[in-house]
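Q: Would you mind keeping the following structure in view while I ask a few things?
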Amino acid sequence: MKRPLNRLALSLPLALMPLTSSAQDSKYNATQSPDQVENRIELDRQSKPLYESKLLAPVADWRDGLAEKMHLNLGLDYTAVYQGVSDSIGPDNASGGMVRFYGSWALLNAESANTGSLIWKVEHRHSFSNVPVSGLGLSSGYVGLFEPPFNDQGGRLTNLYWKQTLADGNATVVAGFLDVTDFVDVYLLASPWTGFNNFAFSTGSAAMDLPNEAALGAAAGMMIAENLYIQGGFTDLSSDPTEPFNSILDGMKTYKYAEFGWTPNRDTIYFQNAHVTLWHVDKRKNGTPEGWGLNLSYQTWIDDKWLPFARAGFADDSGSLLSKSISVGVGYQAVPKRDVIGLAVNWGEPNKASFGNQDNQLTTEAFWRVPLTKELVITPSLQYINNPALNPTTDNMWAFGLRARMAL
């Protein structure tokens, strides 16, 4: 018997889902990233911290009541980050924070597999330093980004879209203001809130010219066989998340993608998965050239603890950071739904269209995600960068990061 995609049994160990999830009780959608609104709320509910705290239990009970009675799910979090680098040609540290209010409201067929939901997310992004955390990498002479969402944009709309599941949950269509990283080139450790710090280990492996996280567009995905899926979509490159309704269809230059994926088992699609993604971007108003690219990803799950992965990307022109990128790494979780350790290495060739002729870089990162309580998670990270391409003063750079997330 085929099971609908949005009710698959997904253990998601490194995203803190229980290893004993069943197809009947899993609410996680495997075609979307851990940071997609519905998934983020569900994952936070199921975390297993080092210390149990009942201080905010009344808030959780109230929120669960809304979900049960009104099919309204709410989330609120604040994340603060600090990043320091050695041997920088500019600033050597940066810090910032972000508050997010997000939710989903099932307004159509809430009790069926073919549900229609309104999804939203509003944010305030702020920097505590002259250079935001997301700008520290380039400012220090490294062709790369640390914690890319943490900038100084201020208030912004990141999500406002309608999501419709079809064909008994085997297909999904979304339209509105989307964060394309919720859907394209998804793998478990890509999240800048819960996974790796460095963009080289995130969506696109720094070799994909991604649009703004909030852009007008549409996407769709479906299972086409027991082990195969396809998805694709487009977004407007001119969308401005700080003024979303003033920039609608302003020239309509687009980013579009198509993805084909395989899994050995539909019940474990999210952490046993291989996919290939083809993308294209139009020339932007600011002169960033048209370009296209191809990304590959593979991850598997071993002994209920280990998640090895290999990812690669190629970009032709466009505004991507890297034109060629290869990453390999592993995640480890000894106790289900608890702390996560990640280790990875990336080789990257800077994009000539963006930076001219530069030497290749080697980036490594290790992080340890520790859920102290159900609400508070801290993640220290350490990175070593060999031959930062824009830094003529050193061949070796170290970067230390600390991330703290409080979720209600």
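Q: Hey, does the range 64-71 have a residue that's at pLDDT below 95, over 26 Å from residue 145 (Cβ atoms), basic (Lys, Arg) and in a helix (DSSP H, G or I)?
A: Looking through the range 64-71, at least one residue is at pLDDT below 95, over 26 Å from residue 145 (Cβ atoms), basic (Lys, Arg) and in a helix (DSSP H, G or I).
Q: Just for the range 235-252: of the residues that are buried (at least 17 other Cβ atoms within 10 Å of the Cβ) and over 20 Å from the mean Cα position of the chain (by Cα), which one is nearest to residue 159 (Cα to Cα)?
A: Result: 244.
Q: Checking residue 318 against (1) closer than 26 Å to residue 219 by Cα; (2) touching a Leu at 6+ places or on another chain (Cβ under 9 Å); (3) buried (at least 23 other Cβ atoms within 10 Å of the Cβ), which single condition isn't satisfied?
A: Every condition holds for residue 318 apart from (2).
Q: Still on this structure: Exactly one condition in (1) under 23 Å from residue 127 (Cβ atoms); (2) of a type in the set (A, V, I, L, M, F, W, C); (3) more than 22 Å from the chain's Cα centre (by Cα) is not met by residue 355; state its number.
A: (1)
Q: Out of 328, 377, 370, 345, report the one residue that is among the β-branched types (Val, Ile, Thr) and touching a Lys or Arg at 6+ places or on another chain (Cβ under 6 Å).
A: Result: 377 is the single residue among 328, 377, 370, 345 that is among the β-branched types (Val, Ile, Thr) and touching a Lys or Arg at 6+ places or on another chain (Cβ under 6 Å).
Q: I'd like to check something: does the range 178-192 contain any residue that is surrounded by fewer than 22 Cβ atoms within 10 Å (Cβ to Cβ), without any contact (Cβ under 8 Å) to a residue 60 or more places away in the chain and either over 12 Å from the mean Cα position of the chain (by Cα) or under 21 Å from residue 232 (Cβ atoms) (or both)?
A: No, there is no match, as no residue in the range 178-192 is surrounded by fewer than 22 Cβ atoms within 10 Å (Cβ to Cβ), without any contact (Cβ under 8 Å) to a residue 60 or more places away in the chain and either over 12 Å from the mean Cα position of the chain (by Cα) or under 21 Å from residue 232 (Cβ atoms) (or both).
Q: Select, from 14, 43, the only residue that is at negative phi, at pLDDT 80 or above and not in a loop (DSSP other than H, G, I, E, B).
A: That would be 43, the only listed residue that is at negative phi, at pLDDT 80 or above and not in a loop (DSSP other than H, G, I, E, B).
Q: Of everything in the range 84-114, what is within 29 Å of residue 164 (Cβ to Cβ), free of Cβ contacts under 8 Å to residues at least 60 places away in the same chain and not in a strand (DSSP E or B)? Give them in sequence order.
A: Once the filter is applied, which keeps residues that are within 29 Å of residue 164 (Cβ to Cβ), free of Cβ contacts under 8 Å to residues at least 60 places away in the same chain and not in a strand (DSSP E or B), the range 84-114 yields 109, 110, 111, 112, 114.
Q: Please verify whether residue 20 is loosely packed, with under 14 Cβ neighbours inside 10 Å, among the β-branched types (Val, Ile, Thr), closer than 28 Å to residue 181 by Cα and modelled with pLDDT under 80, treating the condition exactly as stated.
A: yes
Q: Please state which one of 293, 261 is closer than 30 Å to residue 152 by Cα and of a type in the set (Gly, Ala, Ser).
A: Just a single option satisfies the conditions, and that option is 293.
Q: Same structure, new question: When you go through (1) out of contact with any Lys or Arg (no Cβ under 7 Å at 6 or more places or on another chain); (2) at pLDDT 95 or above; (3) β-branched (Val, Ile, Thr); (4) more than 30 Å from residue 286 (Cβ to Cβ) one by one for residue 363, which number turns out not to apply?
A: Of the numbered conditions (1) out of contact with any Lys or Arg (no Cβ under 7 Å at 6 or more places or on another chain); (2) at pLDDT 95 or above; (3) β-branched (Val, Ile, Thr); (4) more than 30 Å from residue 286 (Cβ to Cβ), the odd one out for residue 363 is (4).
Q: If you check residue 365 against the conditions, is it touching a strand residue (DSSP E or B) at 6+ places or on another chain (Cβ under 6 Å), charged (D, E, K, R), under 19 Å from residue 196 (Cβ atoms) and in contact (Cβ under 8 Å) with a residue 24 or more places away in the chain?
A: Yes; evaluated as a whole, the condition is true for this residue.
Q: With the requirement that a residue be touching a residue at least 40 places away in the same chain (Cβ under 8 Å) and either within 12 Å of residue 296 (Cα to Cα) or of a type in the set (Asp, Glu) (or both), what does the range 316-325 give you?
A: Selection gives 324, 325.
Q: On the given criteria, is residue 342 crowded, with 24+ Cβ neighbours inside 10 Å and over 18 Å from the mean Cα position of the chain (by Cα)?
A: The answer is no for residue 342.
Q: Can you find, within the range 271-295, the residue that is modelled with the highest pLDDT among those that are surrounded by 19 or more Cβ atoms within 10 Å (Cβ to Cβ) and among the aromatic types (Phe, Trp, Tyr)?
A: Taking the candidates together, the pick is 279.
The values are calculated or read from the model by the stated rules, or taken from the named source; none is laboratory data. Computed from a predicted structure; not experimentally measured. Positions of Cβ are backbone-derived with ideal geometry, glycine not excepted, and every protein chain shown enters the neighbour counts.
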